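The values are calculated or read from the model by the stated rules, or taken from the named source; none is laboratory data. Everything numeric here is computed off the predicted structure, so don't read it as measured data. Reconstructed Cβ throughout: ideal geometry from the backbone, glycine too, with neighbour counts over all protein chains shown. Note: areas computed on protein heavy atoms with side chains; ligands, DNA, RNA excluded. Shrake-Rupley method; radii C 1.70, N 1.55, O 1.52, S 1.80 Å.
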Amino acid sequence: MNFHEYQAKQLFADYGIAVPVGRVARTPEEAVEAAKAIPGDLWVVKAQIHAGGRGKAGGVKLARSLDEVKQYATAMLGTRMATYQTAGVALPIDCVLISEGTDIAKELYLSVLTDRSTKTITFIASAEGGVEIEKVAAENPDAIKSLHVNYVEGLQPYQCRQIGFALGLNPKQVNQLTKIMLGLFKLFNEKDLALVELNPLAILKSGDLAVLDGKINSDDNAAFRHPELVAMRDVRQEDETEVLASEHDLNYVTMDVISLNGGKPANFLDVGGGANKERVTEAFKLILRDPDVKAIFVNIFGGIVRCDMIAEGIIAAVKEVHVNVPVVVRLEGTNVEKGKELLKNSGLAITPADDINDGAKKVVAAAKG
Ligand code: ADP
Ligand code: MG
């Protein structure tokens, strides 16, 4: 489940993390009232949608007067906004956050997530924040620091200080960062979160750190333990069919990763938990009955299915069924190395993928090529 920025900041505050003074408004009049209650004469009007990238899309505006607050709130409220993160969908702006405007000297990046490869809660920090972190990771990987937290010891203050000094912070800022990181770690664990992202975590001209943006994603499997989080759900930001399905405990998949990469899924086939060679072969036959299928993406992620078995199934199927379209395979789970080895040594034209995004990219390219 995703949260709005204003909800994320409320949760931060609950965990002792300082956030800029802010109020939510649902009408332009409320926006003006909110601004009046915030000290100073610089405000920021922020569209509340379940996506980042709002700044570039016109959803974050600095206002220098109450008139401007009203003007920006009027322009945003009741409209829809698409950003580079919304996969072509425009999300409704039902409320705006009015927050104190700050003088920014530098923007940092800080996030906490569960890292699948190391099976740890991991902090990721960068002195190059504000921008798309994916770009920093691709172009300047050294600028990204990560910290894998030992699950027995938990997060230690000295580790936070190390990150702080690696980011080039002064001692006062390092202390502020330590408080933020310890608070985030507690929040992450107690609320069963999957991702928390502060982008930017800003250094202000005053020298203080400030949490200017917050994004939270929680683990749906733990929702039953957190009615207080479920109460914050905003279904208007979610895909309608997925919401309907979730009401009946069904899992409807919109395959947005394929769409995001410019492709169009022909169908979705779930091989299930006890897949063996025969079933995978049958699955390939079924998929290929559709003459519009231009490529096949096999995405296996899970513990029950053995990856080497899936690999054997794929190899057998490609040989037996005469698969005449490109096949991209992403494997993750039990016996994954053995599975990859089998695919590599099969001598068949099967493209391996590192993760779901990589696979989606490759299969769309293969389908178009
Ligand atoms: P998004 O990530 O959706 O674009 P942000 O909240 O990160 O939205 O805002 C985009 C940019 O707007 C930030 O990188 C920052 O430069 C600026 N900004 C955000 N909040 C404030 C604020 N309170 N005061 C001054 N500038 C801000
Ligand atoms: Mg941001």
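Straight-line reach from LYS205: taking Cα to Cα under 16 Å and skipping same-chain neighbours fewer than 8 places apart, the lysines in range are LYS106, LYS172. Accessible surface computed residue by residue for the chain, with neighbouring protein chains in place and a 1.4 Å probe, gives 53 Å² per residue. Counting only Cα atoms, the stretch 278-369 measures 33, 28, 24 Å along its principal axes, largest extent leading. The modelled label-to-label distance for the pair LYS344/GLU68, using points 7 Å beyond Cα in the direction of Cβ, is 5.7 nm. How charged is the neighbourhood of ARG80? Take every other residue with its Cβ under 12 Å from the Cβ of ARG80, and add Lys/Arg as +1 and Asp/Glu as -1. Spelling it out: positives minus negatives among the neighbours equals 0. Among the aspartates and glutamates, select those whose C-alpha is under 19 Å from the C-alpha of LYS362, and discard any that sit fewer than 8 residues away in the same chain. Answer for LYS362, where 19 Å is the Cα cut-off: GLU134, ASP256, ASP292, GLU332, ASP354, listed by chain and number.
Apolar share of the accessible surface for the chain: 52 percent from carbon plus sulfur atoms, 1.4 Å probe. Ordered from highest to lowest accessible area with the whole protein assembly present and a 1.4 Å probe, LYS340, LYS56 read as LYS56, LYS340. Charge tally around HIS148: other residues with Cβ under 14 Å, Lys/Arg +1 each, Asp/Glu -1 each, net +1. Per the Debye calculation on the stretch 26-149 with a single equal scatterer at every Cα and no solvent contribution, log₁₀ I(q)/I(0) for q = 0.12, 0.17, 0.21 Å⁻¹ amounts to -0.58, -0.94, -1.11. Here LYS70 is the anchor, and the lysines within straight C-alpha reach of less than 22 Å, apart from those fewer than 8 places off in the same chain, are LYS36, LYS46, LYS56, LYS61. For the chain, the equivalent ellipsoid derived from the alpha-carbon gyration tensor has semi-axes of 42, 25, 18 Å in decreasing order. The residues neighbouring ASN261, those whose beta-carbon lies less than 12 Å from its own, together hold a net charge of +2 under the Lys/Arg +1, Asp/Glu -1 convention. Each of THR120 and VAL21 was given a label point 7 Å from its Cα along the Cα-to-Cβ line. The distance between the two points is 4.1 nm. For the chain, modelled as a GNM whose springs connect Cα atoms under 10 angstrom apart, the maximal fluctuation among VAL152, VAL136, VAL298 occurs at VAL152.
Relative to the longest principal axis of the Cα atoms of the chain, the long axis of helix 307-320 lies at roughly 50 degrees.
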